[in-house]
Amino acid sequence: MPDLSEAEAPAVIQLPQDWSAVADVPVQHVNQALAQIGLPSQDGAPDGVYISLGSSEPPAVFGNEEERKQALEALGAIKVTVHGRFHLSRGQLNDLIRVLRTIAEQYDGIVENLTAKRDQEPR
C-alpha cells in the first residue's frame, strides 16, 4: 500500500448545479419533522444526522366535548405519513441550517413589508 501521508490533497473543482429537475417532483405538505443523530462510527463520532419529514392531520371526531375527548384518548397516537428520509453529514447539516435561516429571513422581510404597506393604507 502506498504511503499517502506525503500526498497532496486533490484540487477542489466547483461545478454549477442544475436544479431544473425540481419541477418534476411533486410538492408534499410537511408539518412534522424528526431528527436523529446517527450511530457512532469506528472513531466514536456520529455518522451524521438522519432527518425524516412527514405530515399528519387532525382526526375527525364528533359529538359533544366529552365524546370528542374520549374519541381522541381512544386513538392513542396520530399516524405520521412519512414523505422522505434523509441522511446529512455535519457539514451538510450546517449548509441546510444556513439555507433555511436565509429563506426564513427573506420570508419574514416580505411579511414585514406587506404589513407595513397595509398599515400605511388609508382606512
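Some values worked out for this structure:
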| quantity | calculated |
| --- | --- |
| Answer residue from region 65-102, given it is farther than 20 Å from ALA35 by Cα and surrounded by 10 or more Cβ atoms within 10 Å (Cβ to Cβ) and is farthest from the chain's Cα centre (by Cα) among those | GLU67 |
| Selection within region 37-59 - among the polar types (S, T, N, Q), surrounded by 11 or more Cβ atoms within 10 Å (Cβ to Cβ) and within 15 Å of SER89 (Cα to Cα) | SER52 |
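All of the numbers you see were taken from the coordinates with simple rules; none came from a lab. Keep in mind the model is a prediction, meaning the values are calculated, not measured. Neighbour counts run over all protein chains shown; Cβ positions are idealised from the backbone, glycine included.
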